[in-house]
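Engineer: Take a look at the following structure, please.
The values are calculated or read from the model by the stated rules, or taken from the named source; none is laboratory data. Owing to the predicted nature of the structure, the values given are computational and were not obtained by experimental measurement. With ideal geometry, Cβ positions are generated from the backbone for all residues, glycine too; neighbour counts draw on all protein chains shown. Heads up: the accessible areas ignore ligands, DNA and RNA and are worked out on the full protein's heavy atoms, side chains in. Shrake-Rupley method; radii C 1.70, N 1.55, O 1.52, S 1.80 Å.
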Amino acid sequence: MRQWLLQVCVVLGGIGAFSVVHAQDDFESFNAPWRVYVGVFDASTDSKIGINGDVLPPVPPIDIEDVLAVDDGKAVPWGGIGWHFAERHSVEFEFFTLGREGAVSDTYSPPLQIGDTFIESGQITTSYNTDVYRLTYGFSMLRSERSDFQLKAGLHVASLSAVIGLAGAICDPTTNPTTPPGCPVAGTGTESESVSAPLPHLGLSYAYALSPKWALNVSAIGFAVELDKIDGSIVELTGDVAWQPWRNVGVGLGLRYFDVSVESNGSDLNGEFEFEYFGPALYVAVTF
């Protein structure tokens, strides 16, 4: 965990310890119909991207952190809203966004193929953006004053895009030669790919109030599907501890794991995205 995240936790703990405004001695906050939360991930990422060309056959995806020097960790905004609109029924919307950049200059052995372009040596600049939105319906199979076990179903929408700029010794179908070795040394090129993939999911969640002020939450959702010529899979695992020192305001600290893979040789995407993150999350929640 990064130092700034630990410092924030200590400050929040101090505020709560000396606060004279406490939650009621019941489980009103745990059972509130509405919950709005905003926070940050300190996400460690592992990403791969494959951009297929129109002429050359596809190659395995490239690890953008190890090969293209894109940052492998970043704090990103995250939040959502939940509504328990009936005794056993609820809906939740959640989002996060992550944008990263990287640049590397090297001699590549063997040469890297990105789309229809080879680069033997020179500079590669990368811009990689990920936006994920999740809408989930929850049915409470077992619910009491201090626990809630839900069956979940819904939809993730993953918006993924990458732009890769190449400068140096480059071969492509317009150069002589068209493939290495001996690529022209003054070449430039750009390869890009983007997709917005709707991925359905199923899962389970369990929340338990240890006391009127403390609660545990865990969930697991996932799915694999072929939809409109796109093969996709998704896994999301979460676990956190929520602390409610005030009547309508609380804080939480937990862990998030997310993995999405989207692949297609046609449709809106001609390539492959693989994106994985893991890390701590800190948030503030308002219940009413």
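Engineer: In this structure, is Asp131 surrounded by fewer than 16 Cβ atoms within 10 Å (Cβ to Cβ) and either under 29 Å from the mean Cα position of the chain (by Cα) or of a type in the set (Asp, Glu) (or both)?
Structural biologist: It is true that Asp131 is surrounded by fewer than 16 Cβ atoms within 10 Å (Cβ to Cβ) and either under 29 Å from the mean Cα position of the chain (by Cα) or of a type in the set (Asp, Glu) (or both).
Engineer: Applying the selection to the range 45-62, what residues are of a type in the set (A, V, I, L, M, F, W, C) and buried (at least 18 other Cβ atoms within 10 Å of the Cβ)?
Structural biologist: Ile49, Ile51, Ile62
Engineer: Return the pair list, or none, for Cβ contacts closer than 7 Å from residues in the range 173-184 that are more than 18 Å from Thr107 (Cβ to Cβ) to residues that are open to solvent by 60 Å² or more (accessible area, probe 1.4 Å), at least 6 apart or on different chains.
Structural biologist: From the range 173-184, the pairs are Pro173/Val55.
Engineer: Would you point out which residue out of Thr175, Thr238, Thr190 is touching a Cys at 6+ places or on another chain (Cβ under 8 Å) and of a type outside the set (Asp, Glu)?
Structural biologist: Thr175
Engineer: Taking the options Ser233, Ser219, Ser264, name whichever one is under 30 Å from Glu28 (Cα atoms) and open to solvent by less than 60 Å² (accessible area, probe 1.4 Å).
Structural biologist: Ser219
Engineer: What residue, among those in the range 87-97 that are more than 14 Å from the chain's Cα centre (by Cα) and either of a type in the set (Phe, Trp, Tyr) or at pLDDT below 95 (or both), is nearest to Phe30 (Cα to Cα)?
Structural biologist: Within the range 87-97, the match that is nearest to Phe30 (Cα to Cα) is Glu87.
Engineer: Enumerate the pairs (first residue in the range 143-159 and crowded, with 16+ Cβ neighbours inside 10 Å; second residue anywhere and polar (S, T, N, Q) and not in a strand (DSSP E or B)) with beta-carbon separation below 7 Å, excluding pairs fewer than 6 apart on the same chain, so at least 6 apart or on different chains.
Structural biologist: That search, which allows pairs on different chains as well, returns nothing.
Engineer: Scan the range 58-101 for residues that are in contact with a Gly (Cβ under 9 Å, 6 or more places away or on another chain), in a loop (DSSP other than H, G, I, E, B) and of a type in the set (Val, Ile, Thr) and jot them down.
Structural biologist: Listed by number, the residues that qualify are Val59, Ile64.
Engineer: Another question about this same structure. Please go through the range 35-57 and pick out each residue that is of a type in the set (Gly, Ala, Ser) and outside any strand (DSSP E or B).
Structural biologist: Gly53
Engineer: In the range 171-203, how many are closer than 24 Å to Ser233 by Cβ and buried (at least 16 other Cβ atoms within 10 Å of the Cβ)?
Structural biologist: Of the residues in the range 171-203, 6 are closer than 24 Å to Ser233 by Cβ and buried (at least 16 other Cβ atoms within 10 Å of the Cβ).
Engineer: Let me ask something else about it. Can you spot a residue in the range 100-120 that is open to solvent by less than 40 Å² (accessible area, probe 1.4 Å), at positive phi and at pLDDT 95 or above?
Structural biologist: no
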